[in-house]
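Before any comments, here is the structure.
Only the coordinates and a few stated rules stand behind these numbers; no lab work does. Here the structure is a predicted model, which is why all the values come from computation and not from measurement. Glycine also receives a Cβ, built like all others from the backbone with ideal geometry; neighbour counts cover every protein chain displayed.
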Amino acid sequence: MNKRDVARVPYRLKKTVVLVGMMGAGKTAVGTALARRLNVAFRDSDQALEAAANRTIAEIFSRDGEAFFRAKESQVIERLLQIEPGILSTGGGAFMTRGNRELISQYGVSVWLNADVKLLWSRVRHKDTRPLLRTVDPFATLQEIFATRVPYYALADLTVESQPGYTIEDMADQVIAALASRPDVLAKGKT
């Protein structure tokens, strides 16, 4: 059975799947496709935080700073992990915080969407919604952030490699195939 066939087998999600990785890795797009396939809710910690604060992430960073943002992000992640199992997309820096990693480990399973810097840059370079990249040399900044975060992302329970030619559906297939190796997370049977 190939990975695409595995992805079409009906499954029941037992734990929340938390997608981690860099900005541009595809956490929201892949997460949405994954939730649709598994017939579960998709949640985005950045969107939930924006809704709670009634401000954009960029506005929170600008007005209150990164430390305030990270504290609120942790509160939102904890709340989202304690509801019925689903797919949770987190902000790129969320997995850097030990407390977030511990919460994710307790209530869910972490999946690192691993994309290289060139692929990430091709996806984020024309977007102005990335406050951390509002620098004189955004590509160099992205490289620095990547180098700092990769050791933390490598602590994720599962890793799914992203390739430039993969579609969103291909990546969803890859994630489901990885999750299928974890009977504590994904059980065969109707959702």
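Quick one: of the DSSP bridges fully inside the chain, what percent are antiparallel, nearest 5? Kindly include the intermediate steps, with their values, before the conclusion.
Details: 3 of 18 bridges.
Of all bridge pairs located within the chain, approximately 15 percent are antiparallel.
LEU155 to ARG12: FRET efficiency via 1/(1 + (r/R0)^6), r the Cβ-Cβ distance, R0 35 Å, to the nearest 0.05?
E between LEU155 and ARG12, to the nearest 0.05, is 0.85.
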Next item on the list: For the chain, calculate the relative contact order in percent as a whole number, restricting contacts to Cα pairs under 8 Å that are 6 or more residues apart.
Entry: 39 percent
Next item on the list: Could you work out how far apart the two model spin labels at ARG125 and THR97 are, taking each label as a point 7 Å from the Cα in the direction of the beta carbon, and quote it in nm?
Entry: 3.2 nm
Item checked: Per residue convex hull volume, Cα atoms of segment 3-178, in Å³ -> 106 Å³
Notebook entry, point to check: What nm value, rounded to one decimal, do you get for the distance between ALA140 and GLU66 when each label is placed 7 Å out toward the C-beta?
Noted result: 1.7 nm
Notebook entry, point to check: How much length is gained if the chain between GLN47 and ALA147 is pulled fully straight, taking 0.36 nm per residue apart and subtracting their Cα-Cα distance, in nm to one decimal?
Noted result: 33.4 nm
Note to self: Projecting each Cα onto the charge dipole of segment 3-178 (Lys/Arg +1, Asp/Glu -1 at the beta carbon, about the Cα centre), which of VAL150, VAL40, LEU80 comes out farthest on the positive side?
What the structure shows: VAL40
Notebook entry, point to check: Given segment 3-178, what count of lysine pairs have C-alpha atoms under 22 Å apart, with each pair 8 or more places apart or on different chains?
Noted result: 9
Notebook entry, point to check: What residue among ARG101, ARG55, ARG12 shows peak mean-square fluctuation when the chain is described by a Gaussian network model with Cα springs under 10 Å?
Noted result: ARG55
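For segment 3-178, with only Lys/Arg (+1) and Asp/Glu (-1) charged at the beta-carbon, what is the dipole magnitude about the Cα centre, in debye rounded to 20?
Values: 24 positive and 20 negative charges, 57 e Å.
That gives segment 3-178 a dipole magnitude of about 280 debye.
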